[in-house]
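Here is the structure we will look at, set down as structure tokens.
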Amino acid sequence: MEERPTLEIIAPTVEEAIAKGLEQLGLTAADVSVEVLDAGSKGLFGMGGRQVRVRLTVNGPDGAPAPSSPAPASGPDREAAPVAKTVSAADEVHDPIIALSETVVSRLLHNMGFEAQVFAHLDESDCADRRSVRVDVRGRDLSALIGRHAETLNAFQYIASLMVGKDAQEFVQLSVDVEGYRARREKQLRQMAQRMADQALKMGRRVAMEPMSAAERRIVHMELQGHPAVTTESTGEEPRRKVTIVPKE
């Protein structure tokens, strides 16, 4: 079964949704198949209306349209999130945990006033007894979602993880990244760890790094665990806990 890129768009009318989706995909109407997931409603006296939601699926190399699939269950939570989302796949079947993660994160972003695209996929560390999902958020003006030292992003991730786990009725390890921030931060931490290790050896004494979250401290520990001349340990109390690099005797 061939997985084809799809994009869900919410807009006031079907025409506007299709035009917006084609612009984001950089394609023409002949290149996609369109499915109306929610026709919307005008509401009472022009109030309380619901926007339409359509799904654009990129056609195959031969131009054949993608096979139609059942529309996801509609409801207030799905309709409230005007966020474009690319649907990811696990193996050849769209995993319900992936769909749930995208929906929850999209809804939270909408409630916070952010407009963004949400992409979710199973993490490499996913295993039978622990679902591990990575959610990438992309858009403009998302720095406020990251916050100082990723404090806002970590809080957002924690809340989203609780919501996904509650709805799925199982533990889900959710990792939320914004515009590749976590990947850049990990690279920065690894480089910093090596520099601080060199400094500890040059000075011949223990060197403490800046306070970090448990996830960031783990990156430093992993980076230096095979270092021939230093060891690492976590010291201090939360939220000021930090990694200390210690020269070996």
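The values are calculated or read from the model by the stated rules, or taken from the named source; none is laboratory data. Note that the coordinates shown come from a computational prediction; the quantities given were computed from them, not determined experimentally. With ideal geometry, Cβ positions are generated from the backbone for all residues, glycine too; neighbour counts draw on all protein chains shown.
Which of the residues that make up segment 112-131 are modelled with pLDDT under 75 and buried (at least 17 other Cβ atoms within 10 Å of the Cβ)? Show your work before the answer.
As a first pass, look at segment 112-131 and keep what is modelled with pLDDT under 75: 124-131.
Those that are modelled with pLDDT under 75 and buried (at least 17 other Cβ atoms within 10 Å of the Cβ): D126, R131.
Taking helices (runs of 4 or more DSSP H) that fall entirely within segment 1-111, which contain at least 1 residues that are of a type outside the set (A, V, I, L, M, F, W, C), under 29 Å from V176 (Cα atoms) and at pLDDT 50 or above? If you could, list the steps in order and put the result at the bottom.
On the way: elements: 14-25, 76-79, 96-111.
By residue number, 14-25, 96-111.
Every condition in (1) within 23 Å of R241 (Cβ to Cβ); (2) of a type in the set (G, A, S); (3) touching a Leu at 6+ places or on another chain (Cβ under 8 Å) is met by A116 except one, and the failing one is (1).
Scanning segment 140-167 for residues that are aliphatic (A, V, I, L, M) and surrounded by fewer than 16 Cβ atoms within 10 Å (Cβ to Cβ) yields A144, A155, I159, L162.
Taken over segment 166-184, the criterion of being among the acidic types (D, E) and at pLDDT 90 or above is satisfied by D177, E179. Is it the case that some residue within segment 187-202 is in contact (Cβ under 8 Å) with a residue 24 or more places away in the chain, within 25 Å of E233 (Cβ to Cβ) and outside the structural domain of Q225 (by TED's automatic domain parsing)? No: zero hits. On inspection, V178 passes the criterion of being in contact (Cβ under 8 Å) with a residue 12 or more places away in the chain, β-branched (V, I, T), closer than 19 Å to R148 by Cβ and surrounded by 14 or more Cβ atoms within 10 Å (Cβ to Cβ).
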